[in-house]
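Engineer: Take this structure, written in structure tokens, and hold onto it; I'll ask about it next.
The values are calculated or read from the model by the stated rules, or taken from the named source; none is laboratory data. This structure is a prediction, so every number in the text was calculated from the model and none was measured. No Cβ is skipped: glycine too gets one built from the backbone with ideal geometry, and neighbour counts run over all protein chains shown.
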């Protein structure tokens with residue numbers, strides 16, 4: 001298991017794909033050195049199993065390609081079980097170059113309503129859903145790539161003073177209604193505000209460009225990469241584009 005609440009994905013010269021066990025809580029840190037291919041970041045899948053297969057057909061199947069998925073694997077689509085089982089299988093088979101973060105739908109109170117629970121109950125049993133819930137509660141919620149790119153499903157939190165707070169998130173854990181963990185999975189950027197705003201979802205906050213720039217400078221990061229919204233919305237913000245924060249792919 002990766003360390004605490006996040007996966008530091010960094011380049012190290014000590015050896016490719018080495019795993020280092022935490023001395024405190026038994027979490028693992030991932031070290032990736034000189035991967036033969038780039039690390040591809042992917043957003044919400046939501047049970048669209050044919051789309052997931054098509055994604056691998058275009059981008060390459062593991063281990064020939066390296067992936068970091070940003071959460072929301074279940075609900076809405078008709079084949080959430082196939083989707084999450086394939087992703088977990090790849091994680092088990094290729095742990096050094098296949099990474100999974102938790103999304104807001106990897107939460108019992110959400111997927112109980114939006115389709116995953118019903119799919120599990122209809123096709124197998126409620127017990128299967130409970131097993132998946134235990135798995136989701138153990139997923140990391142953030143990743144750092146080469147010490148410069150912070151990745152999560154949702155967004156920033158007014159409670160973050162240090163990245164160590166993310167590392168310190170103990171798992172397994174359910175998602176609370178508010179607080180740091182909730183914000184990492186639920187928050188959204190908003191170009192039209194400064195500071196923190198009310199989120200139309202009824203959960204967490206929205207955050208303005210000023211908060212992004214402030215956060216990146218404070219923590220010496222270059223990018224924030226997120227999912228949670230369609231591709232036409234803001235996904236990645238660059239601290240060097242303070243006046244015109246453009247979408248980057």
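Engineer: Can you find even one residue in the stretch 141-158 that is touching a strand residue (DSSP E or B) at 6+ places or on another chain (Cβ under 8 Å), surrounded by fewer than 14 Cβ atoms within 10 Å (Cβ to Cβ) and closer than 15 Å to residue 221 by Cβ?
Structural biologist: Checked the stretch 141-158: at least one residue is touching a strand residue (DSSP E or B) at 6+ places or on another chain (Cβ under 8 Å), surrounded by fewer than 14 Cβ atoms within 10 Å (Cβ to Cβ) and closer than 15 Å to residue 221 by Cβ.
Engineer: Next up: Enumerate the pairs (first residue in the stretch 77-93 and within 18 Å of residue 112 (Cα to Cα); second residue anywhere and part of a helix (DSSP H, G or I) and modelled with pLDDT of 95 or more) with beta-carbon separation below 6 Å, excluding pairs fewer than 6 apart on the same chain, so at least 6 apart or on different chains.
Structural biologist: Close Cβ pairs (under 6 Å, with a partner that is part of a helix (DSSP H, G or I) and modelled with pLDDT of 95 or more) amount to 79/49; 80/116; 80/119; 82/49; 83/49; 83/52.
Engineer: Okay, next question. Please determine whether any residue of the stretch 74-84 is at positive phi and in a loop (DSSP other than H, G, I, E, B).
Structural biologist: Yes - at least one qualifying residue is present in the stretch 74-84.
Engineer: Within the set of pairs 6 or more residues apart or between chains, which connect a residue that is at positive phi inside the stretch 32-46 to a residue that is surrounded by 13 or more Cβ atoms within 10 Å (Cβ to Cβ) and modelled with pLDDT under 90 with Cβ atoms less than 8 Å apart?
Structural biologist: Matching pairs, first to second residue: 34/11; 34/16.
Engineer: With respect to residue 172, is the statement that it is modelled with pLDDT under 95, in a loop (DSSP other than H, G, I, E, B) and surrounded by 20 or more Cβ atoms within 10 Å (Cβ to Cβ) true?
Structural biologist: The answer is no for residue 172.
The rows are residues; the columns are (1) outside any loop (DSSP other than H, G, I, E, B); (2) buried (at least 21 other Cβ atoms within 10 Å of the Cβ); (3) in contact with a helix residue (DSSP H, G or I) (Cβ under 8 Å, 6 or more places away or on another chain); (4) at pLDDT 95 or above.
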| residue | (1), (2), (3), (4) |
| --- | --- |
| 9 | yes, yes, no, no |
| 15 | no, no, no, no |
| 24 | no, no, no, no |
| 89 | yes, no, no, yes |
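Listed here are the residues, each with its yes/no results for (1) modelled with pLDDT under 90; (2) surrounded by 14 or more Cβ atoms within 10 Å (Cβ to Cβ).
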site	(1), (2)
160	no, yes
167	yes, yes
186	no, yes
211	no, yes
220	no, no
235	yes, yes
238	yes, yes
